[in-house]
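What follows is one structure encoded as structure tokens, with my remarks underneath.
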Amino acid sequence: MERLYLLPENQVITGTVQAVKSGGIEINIGQLEPLVLSENRARDKGIWPVEPGDKLKVVLSNENEPVAYHRADMPGWDIAVKGKLLHSLRGDHDLALLKTDWGTNLPYHVTEYARHKMQHIPVGVSTLFLFDVQGIIVDAATASE
């Protein structure tokens, strides 16, 4: 049985690959426009190649941005961890130093989407961080949201 931890207002959708072109994967999610995922990110996540007809599960943020995804027939869910930023993220830094609620102080890689959100989270504020299966922060929200 899969266990999925989501940040507030995130949702899981299942879609079908309808096309792969120009570095993007077009996913039919039952909307007028397909959801487009990055081919490079799919390669990085180890789910390449994908072909029309493949099913993917996608975690969408509260802003309808895809923050994580994997093949529907494979395990690969993310986990949310409560903690605090130990320093602010500025510019194009892709590492965040966190103190988790279980006491570890470690640096973690951050996706561009998460970095933009984390730049607005003050140091020391209780925060939920969503990690993908590779241990990369893909989303964040203050614990009070």
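The values are calculated or read from the model by the stated rules, or taken from the named source; none is laboratory data. Owing to the predicted nature of the structure, the values given are computational and were not obtained by experimental measurement. Using ideal geometry, Cβ is built from the backbone for each residue, glycine included, and neighbour counts are taken over all protein chains shown.
Just to be sure before I move on: is Gln18 among the polar types (S, T, N, Q), part of a loop (DSSP other than H, G, I, E, B) and not assigned by TED's automatic domain parsing to the domain that holds Gly135 in the structure I sent? No, not satisfied.
In region 35-49, how many residues are farther than 13 Å from Asp132 by Cβ and surrounded by fewer than 18 Cβ atoms within 10 Å (Cβ to Cβ)? Working first, answer last.
Keep residues of region 35-49 that are farther than 13 Å from Asp132 by Cβ, which gives 35-40, 43, 48-49.
Still in the list and also surrounded by fewer than 18 Cβ atoms within 10 Å (Cβ to Cβ): 36, 38-40, 43, 48-49.
Residues in region 35-49 being farther than 13 Å from Asp132 by Cβ and surrounded by fewer than 18 Cβ atoms within 10 Å (Cβ to Cβ): 7 in total.
Elements of the type strands (runs of 3 or more DSSP E) sitting completely within region 31-145 and holding at least 1 residues that are within 17 Å of the chain's Cα centre (by Cα) and over 30 Å from Gln18 (Cα atoms): these cover 79-85, 95-100, 105-109, 127-131, 137-142.
Would region 112-134 turn up any residue that is loosely packed, with under 14 Cβ neighbours inside 10 Å, in contact (Cβ under 8 Å) with a residue 60 or more places away in the chain and among the polar types (S, T, N, Q)? Scanning region 112-134 turns up at least one residue that is loosely packed, with under 14 Cβ neighbours inside 10 Å, in contact (Cβ under 8 Å) with a residue 60 or more places away in the chain and among the polar types (S, T, N, Q). For region 74-129, taking the residues that are among the aromatic types (Phe, Trp, Tyr) and either within 30 Å of Thr14 (Cα to Cα) or in contact with a Ser or Thr (Cβ under 8 Å, 6 or more places away or on another chain) (or both), the one that is modelled with the lowest pLDDT is identified as Trp77.
The residue that is surrounded by the fewest Cβ atoms within 10 Å (Cβ to Cβ), among those in region 58-67 that are closer than 13 Å to Leu35 by Cβ and touching a residue at least 12 places away in the same chain (Cβ under 8 Å), is Glu65.
Contact annotation: residue pairs with Cβ atoms under 9 Å, 6 or more positions apart or on different chains, pairing a residue in region 45-57 that is within 14 Å of Asp73 (Cα to Cα) with a partner that is hydroxyl-bearing (Ser, Thr, Tyr) and modelled with pLDDT of 90 or more, are Gly53/Thr16; Asp54/Thr16; Lys55/Thr16; Leu56/Thr16.
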